[in-house]
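Here the structure comes first, spelled out in structure tokens, and everything after it is commentary.
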Amino acid sequence: MHIARRSFLKSATAAALAPVLPAAPARPNIVLIYADDLGYGDLGCYGSPIRTPNLDRMAHEGMRFTNAYSANPVCSPSRAALLTGRYPTRAGVPRVLFPRDTEGLPHSETTIAQVLKPAGYKTMCIGKWHLGHHPAYLPTSRGFDEYYGIPYSNDMVPCPLMHNTEVIEEPARQDTLTARYTEQAVQFIRKSKNSPFFLYMPHTFPHIPLHASKRFRGKSKLGLYGDVIEELDWSVGEVLAAIGKAGADRSTLVLFSSDNGPWYEGSPGIFRGRKGSTYEGGVREPFIARFSGRVPAGRISNGIASTMDVLPTVARLCGAPLPEKPLDGIDIWPLLSGEKESIDREALLYFDNYHLQCVRWRNWKLHIARYNVMAYNPAPANGRVNLPLKNPELYNLDLDPGESYDVAQENPQVVQTILARAETLVADFPEPVRTAWEETQKRKVGNSAAGALPRILRN
């Protein structure tokens with residue numbers, strides 16, 4: 001009896017002296033800020049000379065990833081993957097959508113908003129949508145209570161500003177878009193503070209044509225592109241301040257990333273390639289997470305993450321059931337919480353349209369196929385064609401993040417392992433992917449130097 005009492009007192013004393021951990025909110029708020037064509041090297045905390053104090057502070061107060069990926073090097077597919085947790089080739093959006101397109105993200109797919117809304121979340125999308133501009137495909141038909149923004153890229157015509165399904169300005173005055181998006185976001189946070197909310201904020205910029213407000217134009221010392229990034233950073237600061245004023249810092253997960261690499265301006269950092277390329281510069285993105293009391297402050301994660309991981313991670317945090325269709329993303333909360341430094345996961349696939357071009361497995365990246373012309377360059381006389389690499393190229397991304405030194409000859413077993421994995425994974429994709437893979441493998445090509453464009457062999 002005395003032993004039991006002493007054990008009880010000892011346990012009670014230990015419990016009293018244990019650090020008090022913040023109670024996890026039952027349903028945390030989610031704020032997802034998504035830049036358009038922002039490069040890995042465009043933020044101060046990723047080595048840019050552009051001033052981004054708010055995003056730098058967000059990284060200091062949370063976690064910054066060095067191995068985070070978009071699922072595609074162009075706009076619409078990357079957004080489809082982000083919102084569904086599935087490869088865009090599986091989700092039915094393999095290419096960029098244009099104003100002439102009459103469809104969008106298939107209704108058979110489930111978005112993050114459609115996962116969270118039944119769980120009691122208020123939902124709003126502010127900014128560039130680009131997953132279908134007809135009413136049946138706009139955000140208000142895909143789980144969002146409200147929408148404010150332009151329905152696709154700002155270089156497309158017409159370029160309307162919309163509220164829900166109504167055009168309220170055409171053409172949209174682009175120099176004030178970032179400020180107006182920010183105002184809408186602040187208002188949404190303010191009026192939603194008594195309810196769990198999901199804010200998806202896909203910015204229009206720095207996609208070209210570039211526009212900045214008078215307040216920021218000419219202030220960065222790095223041209224209009226620098227001005228645009230500094231205004232984007234200001235916007236992030238205003239959103240973080242609104243969360244603080246709502247008393248929601250400790251109940252809100254804030255995520256920041258970009259849809260793909262930089263286009264003509266902007267910096268991919270140390271990586272090779274840009275927008276439209278399956279080299280790292282086209283898909284390796286800044287990824288910052290802040291959740292006061294839950295995500296450790298000042299951490300840098302080298303674990304592999306994908307924007308496809310957002311849906312399963314958010315669903316877990318918010319206690320919402322996953323969609324019925326299988327996901328390609330995984331729950332990365334063990335990375336975000338600091339519990340683990342890395343997570344074992346399936347190989348990451350790099351698609352351009354329906355074409356599988358590269359595979360990342362652990363620290364290795366294998367280039368399997370490549371177009372016969374660089375992105376955004378005139379097609380040759382025989383057209384733009386995806387071709388197999390006669391000699392697949394292998395890069396050790398831990399030692400060679402710039403993909404400058406092919407080590408396939410020294411690691412034949414790694415090459416064979418990844419090729420076999422690619423064959424197995426492709427077999428599980430929809431028919432257009434399988435057909436594209438088979439057609440590519442049948443094309444005859446000559447020898448080419450590592451890193452060069454493949455050439456078709458003519459009979």
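The values are calculated or read from the model by the stated rules, or taken from the named source; none is laboratory data. Keep in mind that this is a model prediction, so the values were computed, not measured. Because the Cβ atoms are built from the backbone with ideal geometry, glycine has one as well, and the counts that use them run over all protein chains shown.
Return a yes/no flag: does region 256-266 have any residue that is over 22 Å from CYS318 (Cβ atoms), surrounded by fewer than 24 Cβ atoms within 10 Å (Cβ to Cβ) and of a type in the set (Asp, Glu). Checked region 256-266: at least one residue is over 22 Å from CYS318 (Cβ atoms), surrounded by fewer than 24 Cβ atoms within 10 Å (Cβ to Cβ) and of a type in the set (Asp, Glu).
Pairs linking a residue in region 184-201 that is more than 16 Å from CYS318 (Cα to Cα) and in the same structural domain as TRP129 (by TED's automatic domain parsing) to a residue that is part of a loop (DSSP other than H, G, I, E, B) and among the acidic types (Asp, Glu), with Cβ atoms under 7 Å and 6 or more positions apart or on different chains, do not occur.
The set of residues from region 329-361 being in contact (Cβ under 8 Å) with a residue 40 or more places away in the chain, basic (Lys, Arg) and farther than 18 Å from PRO73 by Cα comprises just one member, ARG345. Mind checking which residues of region 193-239 are over 18 Å from ASP259 (Cα atoms), touching a Phe, Trp or Tyr at 6+ places or on another chain (Cβ under 9 Å) and not in a helix (DSSP H, G or I)? Hits for region 193-239 are SER195, PRO196, PHE197, PHE198, HIS211, ALA212, ARG215, PHE216. Within region 303-314, the set of residues being surrounded by fewer than 22 Cβ atoms within 10 Å (Cβ to Cβ) and touching a helix residue (DSSP H, G or I) at 6+ places or on another chain (Cβ under 8 Å) comprises just one member, GLY303. Since ALA242 meets every condition but one in (1) crowded, with 19+ Cβ neighbours inside 10 Å; (2) touching an Asp or Glu at 6+ places or on another chain (Cβ under 7 Å), which condition does it not meet? Only one criterion in (1) crowded, with 19+ Cβ neighbours inside 10 Å; (2) touching an Asp or Glu at 6+ places or on another chain (Cβ under 7 Å) is unmet by ALA242, namely (2). Here ARG250 fulfils each of the conditions (1) surrounded by fewer than 22 Cβ atoms within 10 Å (Cβ to Cβ); (2) at negative phi; (3) in a loop (DSSP other than H, G, I, E, B) apart from (3).
Only one of the numbered conditions (1) modelled with pLDDT of 95 or more; (2) over 25 Å from PHE65 (Cα atoms) is violated by ASP331, and that is (2). Only one of these is farther than 21 Å from ARG284 by Cβ and of a type outside the set (Gly, Ala, Ser): LEU394, LEU387, LEU399. Name it. Matching residue, one of LEU394, LEU387, LEU399: LEU387.
Provide a single number: the residues in region 415-432 that are in contact with a strand residue (DSSP E or B) (Cβ under 9 Å, 6 or more places away or on another chain) and over 14 Å from CYS358 (Cα atoms). Don't jump to the end; show me each part of the working.
Step one: filter region 415-432 for residues in contact with a strand residue (DSSP E or B) (Cβ under 9 Å, 6 or more places away or on another chain), giving 415, 417-419, 421-422, 425-426, 429.
Now drop any that are not over 14 Å from CYS358 (Cα atoms), which leaves 429.
Total meeting the criteria: 1.
Considering each residue of region 435-450, count those that are surrounded by 15 or more Cβ atoms within 10 Å (Cβ to Cβ) and either under 29 Å from the mean Cα position of the chain (by Cα) or in contact (Cβ under 8 Å) with a residue 60 or more places away in the chain (or both), and give that number. Break it down stepwise before answering.
Within region 435-450, the first condition is being surrounded by 15 or more Cβ atoms within 10 Å (Cβ to Cβ), and the residues that meet it are 436-437, 440, 443, 445, 448, 450.
Narrowing further to those that are either under 29 Å from the mean Cα position of the chain (by Cα) or in contact (Cβ under 8 Å) with a residue 60 or more places away in the chain (or both): 436-437, 440, 450.
Qualifying residue count, region 435-450: 4.
Among the residues of this structure, ILE368 counts as one that is at pLDDT 95 or above and part of a strand (DSSP E or B).
If you go through region 349-384 and keep only what is surrounded by fewer than 21 Cβ atoms within 10 Å (Cβ to Cβ) and either in contact with a Pro (Cβ under 9 Å, 6 or more places away or on another chain) or in the same structural domain as ARG272 (by TED's automatic domain parsing) (or both), you end up with ASN353, ASN372, VAL373, ALA375. The set of residues in region 105-120 that are buried (at least 24 other Cβ atoms within 10 Å of the Cβ) and either under 16 Å from ASP259 (Cβ atoms) or in contact with an Asp or Glu (Cβ under 9 Å, 6 or more places away or on another chain) (or both) comprises LEU105, THR111, ILE112.
Please pick out the residue among TYR148, TYR181, TYR137 that is of a type in the set (Phe, Trp, Tyr), free of Cβ contacts under 8 Å to residues at least 60 places away in the same chain and closer than 26 Å to GLY218 by Cα. Steps first, answer last, please.
On the way: TYR148 fails: closer than 26 Å to GLY218 by Cα; TYR137 fails: closer than 26 Å to GLY218 by Cα.
None of the other options fit; the residue is TYR181.
Suppose the filter is more than 20 Å from TRP234 (Cβ to Cβ), surrounded by fewer than 21 Cβ atoms within 10 Å (Cβ to Cβ) and not polar (S, T, N, Q); does MET162 pass it? Taking the combined requirement at face value, the residue does not satisfy it. Please verify whether region 272-281 includes one or more residues that are in contact (Cβ under 8 Å) with a residue 40 or more places away in the chain, outside the structural domain of GLY402 (by TED's automatic domain parsing) and part of a helix (DSSP H, G or I). Yes, region 272-281 contains a residue that is in contact (Cβ under 8 Å) with a residue 40 or more places away in the chain, outside the structural domain of GLY402 (by TED's automatic domain parsing) and part of a helix (DSSP H, G or I).
Please pick out the residue among ARG284, ARG290, ARG299 that is over 17 Å from the mean Cα position of the chain (by Cα) and charged (D, E, K, R). Give the derivation first.
On the way: ARG284 fails: over 17 Å from the mean Cα position of the chain (by Cα); ARG290 fails: over 17 Å from the mean Cα position of the chain (by Cα).
Just a single option satisfies the conditions, and that option is ARG299.
When region 418-429 is filtered for residues that are exposed (fewer than 15 other Cβ atoms within 10 Å of the Cβ) and over 16 Å from LEU389 (Cβ atoms), the ones remaining, listed by number, are ALA420, THR424, ALA427, ASP428.
Restricting to region 351-363, name every residue that is of a type in the set (Phe, Trp, Tyr), assigned to a strand (DSSP E or B) and more than 18 Å from ASP398 (Cα to Cα). Walk me through it before giving the result.
Let us first name the residues in region 351-363 that are of a type in the set (Phe, Trp, Tyr), namely 351, 354, 361.
Still in the list and also assigned to a strand (DSSP E or B): 351, 361.
Within region 351-363, just PHE351 meets the criteria.
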